[in-house]
Amino acid sequence: MTTRTSEEYELDQDVPVKRKLVLYNSRHFWDDVVTQLHKATGFDLVHCEQIAMIAHTTGKAVVKSGDCDELIKIDSVLKEISLVTEIQ
């Protein structure tokens with residue numbers, strides 16, 4: 001059996017860390033949520049409706065995964081109408 005040192009598990013600093021933007025269910029009108037998702041992401045309306053439906057039925061949905069800078073831009077547009085979001 002071999003023992004691995006902590007150096008073997010260090011992350012490469014040049015590789016961007018993937019994050020995810022999560023939308024939580026809230027008391028907004030359906031059309032407002034779908035429209036804001038479309039405005040923030042550029043996804044087609046069917047995709048935005050699917051994200052909204054998942055958030056509505058399960059309490060949360062992943063809007064998008066990617067680098068933090070991209071997710072912050074999307075998050076700021078979603079927060080324009082006070083949607084509840086989190087970057088994880």
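Return the pairs, sorted by first residue and then second, in which the second residue is part of a helix (DSSP H, G or I) and among the β-branched types (Val, Ile, Thr), the first residue lies in region 65-87 and is farther than 12 Å from Tyr24 by Cα, the beta carbons are less than 7 Å apart, and the residues are 6+ apart or on different chains.
Taking only residues 6 or more apart or on different chains, the pairs are Ile74/Thr41.
Scan region 20-38 for residues that are surrounded by 15 or more Cβ atoms within 10 Å (Cβ to Cβ) and under 18 Å from Gly66 (Cα atoms) and jot them down.
Leu21, Val22, Leu23, Leu37, His38 - these are the residues of region 20-38 that are surrounded by 15 or more Cβ atoms within 10 Å (Cβ to Cβ) and under 18 Å from Gly66 (Cα atoms).
Report the residue count in region 53-63 for those that are more than 10 Å from Leu23 (Cβ to Cβ) and within 12 Å of the chain's Cα centre (by Cα).
Of the residues in that region, 0 qualify.
Would you check if there is a residue in region 2-19 being modelled with pLDDT of 95 or more, surrounded by 10 or more Cβ atoms within 10 Å (Cβ to Cβ) and touching a strand residue (DSSP E or B) at 6+ places or on another chain (Cβ under 9 Å)?
Yes, that holds for at least one residue.
The values are calculated or read from the model by the stated rules, or taken from the named source; none is laboratory data. A quick note: this is a predicted structure, and the numbers were derived from the prediction, not measured. Here the Cβ is made from the backbone with ideal geometry for all residues, glycine too, and neighbour counts use every protein chain on show.
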